[in-house]
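One structure below.
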Amino acid sequence: MSRDAILAAVRAYQGDERPLPAIPAFESESHDALLARFKAALGQVGGRWVERTGGRDLAEIIRSHYPDAASIVSAVDEPPSSTLAIAADTAPAELVRVELAVLRGRLGVAENAAVWVDEAQLLHRALPFVAEHCVLLLDPGDLVTDMHAAYAALAGRRSGWGAFISGPSKTADIEQSLVIGAQGPRTLLVVLDEPGRSLRTRAG
Amino acid sequence: MNPETHATAATSFLRDAERTGWHDQALWFVRQKRDLAAHAVPEWETLRDLASAIKRHTVSRLAQYLEEFERRAADNGVVAHWARDAAEHNAVVLGILRGRGVRRLVKSKSMLTEECRLNPFLERNGVEVVETDLGERIVQLAGEEPSHIVMPAIHRKKEEVAALFHRTLGTREDPDPVYLAEAARRHLRGLMASADAALTGVNFAVAETGAMVVCTNEGNADVGAHLAPVHIASMGLDKVIPRTEHLGVFLRLLARSATGQPVTAYTSHFVTPRPGAELHVVIVDNGRTAQLGRPDFRESLHCIRCGACLNTCPVYRRSGGHSYGVTVAGPIGAIVAPGLDLAAHASLPFASTLCGSCADVCPVKIDIPGQLYRWRQVAVAGGQVSWRKRLGMRLLGATLASVSRYERAGRLVRLLLRRAPGVIGHPALDPWSRSRELPPAPKESFREWYRRERGAR
């Protein structure tokens, strides 16, 4: 059997065990510094952000950024509500018609503007990728400094699938010219929630 | 003896001097972006040391981590397959596709499947294969191979892409990258929405959880894999890493080294199959255990395929990926390919100045120049080097080993250059002088001058 033959060869050739290093903790930052760095990184990767201050209505924020979006799918417990019903068994032909996906991010990474989304927060795994535009709701209290801190914060969270999303879909495959909007979303908007809001939403 | 060497293959690339300069600059631009990104991370060198040590450990306990990965993946409902070589990999993939009546397979970029020549094999067996990464789709439509592991169509100009899309997709001949990318978007999203199966590569396979991590900027791997009823992930057995926490180290290095981005737009973690869908992983050897068995060259298995060594290499930048004649070109390819077939790829370790820039940018600190040097010795010992080169090296070695012979040779060369210009450096005798002219010969050497002026010695 190939499996056993391969593993036997690996075992015969791999040599003596070499030590596995421990990963040190790198410097952490204040919350204000994290937020500033996250915003700067998001701009660098072609994404946009908006702060949800003074109890501003999410539906209104979305209307002002995407006035023409007709088919909206939201996995968030507040308006705007979905105009298309998406579930795990929705057909691909339906999914690719989604113009705007509204999703909740579990955490954000300051060094690279990556926002973690996983199955617990989605209606369908394809949603963040097939939608023409993507809105991610993020609690600024869920910002961490780097990828080490991100994986530490996600430890113990079991999910069948999850992804870090950093800005909209992009390509530079033609002469190194950056084009935003390759096969996935053309724009990505991060709505920075009022601190603590997501905790209340999750509890409720 | 090898029919086509890197040097002869590069000749056709170098014929167009303007294009060579353009290619050189395009890649140098990426190298500069990498520098900016790397310098913005204060702990960059610590991360490289960690990545190197994690890989060294992983490779030394590879069997254990492969078994752990397989076990976790099975617990997650993933079907694991093993393949000793390219033929077995291709047969496994075809078997999965046949069992589900798949007619169209959409693929995200996978260097492993290029290495296995999967696409032509599937097409011969009646499966339509669609590459969904823009660069990969360009080279697929052009009937070419990728010339770079991260930027497959870096050798093509936008006017050529416009002509290609005009011919194959019916677009207008507009070289605007925005227009061309939009045309590809429409074309590819339609094909992905109606695919019967999706295939992706794997950037990292985590033993601790069975997760498979796939990094893209376009989002094509996710669109394809989340829409199709079957997802096959093909991975070389060198892709496994011990724990989730190690992803933090490698992901901080990968995109910064590859393109100068702080991270790819999408870093997708596939753990369980989507409800109602199938998820397979094919774990492939294809020469990797043989390389593991060569302590001198084992380190090449640490590679995370960022392409930084290609972008910085003065030889790669000025000779193009196709001159290497292998899936993985550039310095890393030149230390991997000889292990697969020394006779076919013996010229690749010589496609280097041994300047060491590749080792300086490598995020996992592979000693590429050291390995290139050692492969040269293997090639010479194995009789894989031309008699001219061997003779030249023997003469040069003998000359440089003796002060008196060195001085006599210097006098002879200076005399010939003055009295019979054209003998030394004749293009027919000396390939080095084909595109270079020697400077006028001085009357005496520095040593002669020094002796005369200072009377020393």
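The values are calculated or read from the model by the stated rules, or taken from the named source; none is laboratory data. Since the structure is predicted, the reported quantities are computational estimates derived from the model, not experimental observations. With ideal geometry, Cβ positions are generated from the backbone for all residues, glycine too; neighbour counts draw on all protein chains shown. Please note that ligands, DNA and RNA were not included when accessible areas were found on the heavy atoms of the full protein model with its side chains. Shrake-Rupley method; radii C 1.70, N 1.55, O 1.52, S 1.80 Å.
When B:Ala197 is tested against (1) under 27 Å from A:Leu95 (Cα atoms); (2) within 11 Å of chain A (Cβ to nearest Cβ); (3) in contact with a His (Cβ under 8 Å, 6 or more places away or on another chain), just one condition goes unmet, and that condition is (2).
Screening B:Val129 on (1) within 10 Å of chain A (Cβ to nearest Cβ); (2) open to solvent by less than 20 Å² (accessible area, probe 1.4 Å); (3) not in a helix (DSSP H, G or I) shows it passes everything except condition (1). Let me spell it out: the conditions are (1) without any contact (Cβ under 8 Å) to a residue 40 or more places away in the chain; (2) within 27 Å of B:Lys158 (Cα to Cα); (3) among the charged types (D, E, K, R); (4) surrounded by 15 or more Cβ atoms within 10 Å (Cβ to Cβ), and B:Glu43 meets all of them except one. Which number is the exception? The single condition B:Glu43 does not satisfy is (2). Residues that are facing chain A (nearest Cβ under 9 Å), closer than 30 Å to B:Val223 by Cβ and in a strand (DSSP E or B) are absent from the range B:85-97 altogether. Cβ-Cβ contacts under 9 Å between residues 6 or more apart (or on different chains), taken from a first residue in the range B:92-118 that is open to solvent by 10 Å² or more (accessible area, probe 1.4 Å) to a second residue that is among the β-branched types (Val, Ile, Thr) and in a helix (DSSP H, G or I), are listed as B:Val102/B:Ile96. Can you tell me which residues in the range B:318-358 are assigned to a helix (DSSP H, G or I), under 23 Å from B:Trp44 (Cβ atoms) and either in contact with a Lys or Arg (Cβ under 7 Å, 6 or more places away or on another chain) or open to solvent by less than 20 Å² (accessible area, probe 1.4 Å) (or both)? Hits for the range B:318-358 are B:Gly330, B:Pro331, B:Ile332, B:Cys358. Please indicate, with yes or no, whether at least one residue in the range B:158-168 is under 20 Å from B:Asn119 (Cβ atoms), more than 9 Å from chain A (Cβ to nearest Cβ) and in contact with a strand residue (DSSP E or B) (Cβ under 6 Å, 6 or more places away or on another chain). Within the range B:158-168, none of the residues are under 20 Å from B:Asn119 (Cβ atoms), more than 9 Å from chain A (Cβ to nearest Cβ) and in contact with a strand residue (DSSP E or B) (Cβ under 6 Å, 6 or more places away or on another chain). Where residues in the range B:398-443 are in contact (Cβ under 8 Å) with a residue 12 or more places away in the chain and assigned to a loop (DSSP other than H, G, I, E, B), which of them is farthest from B:Arg15 (Cα to Cα)? Among those that are in contact (Cβ under 8 Å) with a residue 12 or more places away in the chain and assigned to a loop (DSSP other than H, G, I, E, B), it is B:Lys443. Listed by position, the helices (runs of 4 or more DSSP H) contained in the range A:1-104 that have at least 2 residues being under 22 Å from A:Leu123 (Cα atoms) are A:58-65, A:92-95.
Yes/no matrix, rows are residues, columns are (1) within 30 Å of B:Phe69 (Cβ to Cβ); (2) more than 26 Å from the chain's Cα centre (by Cα):
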position	(1), (2)
B:Ala142	no, no
B:Ser147	no, no
B:His166	no, yes
B:Leu169	no, yes
B:Asp176	no, yes
B:Ala181	no, no
B:Val202	yes, no
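All of B:Asp238, B:Asp222 fail the test of being more than 10 Å from every other protein chain (Cβ to nearest Cβ), part of a helix (DSSP H, G or I) and touching a residue at least 24 places away in the same chain (Cβ under 8 Å), apart from B:Asp238.
For B:Leu247, the criteria (1) open to solvent by 10 Å² or more (accessible area, probe 1.4 Å); (2) within 19 Å of B:Leu62 (Cα to Cα); (3) facing chain A (nearest Cβ under 9 Å) hold in every case but one, which is (1). Kindly indicate whether any position in the range A:88-109 is of a type in the set (Val, Ile, Thr), surrounded by fewer than 22 Cβ atoms within 10 Å (Cβ to Cβ) and either facing chain B (nearest Cβ under 7 Å) or under 23 Å from B:Ala198 (Cα atoms) (or both). Yes, because at least one residue in the range A:88-109 is of a type in the set (Val, Ile, Thr), surrounded by fewer than 22 Cβ atoms within 10 Å (Cβ to Cβ) and either facing chain B (nearest Cβ under 7 Å) or under 23 Å from B:Ala198 (Cα atoms) (or both). Of the helices (runs of 4 or more DSSP H) entirely within the range B:10-75, those holding at least 2 residues that are touching a strand residue (DSSP E or B) at 6+ places or on another chain (Cβ under 8 Å) and within 9 Å of chain A (Cβ to nearest Cβ) occupy B:44-60, B:62-75.
Cβ separations smaller than 9 Å between residues 6+ apart or across chains give the following pairs from the range A:86-104 residues that are among the hydroxyl-bearing types (Ser, Thr, Tyr) to residues that are open to solvent by less than 50 Å² (accessible area, probe 1.4 Å): A:Thr90/A:Leu84; A:Thr90/A:His124; A:Thr90/A:Ala126. Number of residues in the range A:40-54 that are facing chain B (nearest Cβ under 9 Å) and open to solvent by 40 Å² or more (accessible area, probe 1.4 Å): the value is 1. So B:Gly210 clears everything in (1) over 18 Å from B:Gly77 (Cβ atoms); (2) open to solvent by less than 10 Å² (accessible area, probe 1.4 Å); (3) assigned to a loop (DSSP other than H, G, I, E, B) except one condition, right? Which one? Every condition holds for B:Gly210 apart from (1). The set of residues in the range A:57-87 that are within 14 Å of another protein chain (Cβ to nearest Cβ) and farther than 27 Å from B:His187 by Cβ contains only A:Ala87. For the range B:162-196, a residue qualifies if it is in contact (Cβ under 8 Å) with a residue 24 or more places away in the chain and either not assigned by TED's automatic domain parsing to the domain that holds B:Val230 or not in a helix (DSSP H, G or I) (or both), and the qualifying residues are B:Ser194, B:Ala195, B:Asp196. Can you confirm whether the range B:252-263 contains a residue that is open to solvent by 20 Å² or more (accessible area, probe 1.4 Å), more than 8 Å from every other protein chain (Cβ to nearest Cβ) and at positive phi? No. Scanning the range A:111-141 for residues that are within 12 Å of chain B (Cβ to nearest Cβ), part of a helix (DSSP H, G or I) and open to solvent by 10 Å² or more (accessible area, probe 1.4 Å) yields a single hit, A:Glu119. Looking only at the range A:142-200, residues that are open to solvent by 20 Å² or more (accessible area, probe 1.4 Å) and either in a strand (DSSP E or B) or hydrophobic (A, V, I, L, M, F, W, C) (or both) come to 10 in all. Restricting the range A:11-39 to residues that are surrounded by 12 or more Cβ atoms within 10 Å (Cβ to Cβ) and over 37 Å from the mean Cα position of the chain (by Cα) leaves a set whose member that is farthest from the other protein chains (Cβ to nearest Cβ) is A:Ala12. When the test is whether a residue is at positive phi, open to solvent by less than 60 Å² (accessible area, probe 1.4 Å) and touching a Pro at 6+ places or on another chain (Cβ under 8 Å), B:Gly77 passes it.
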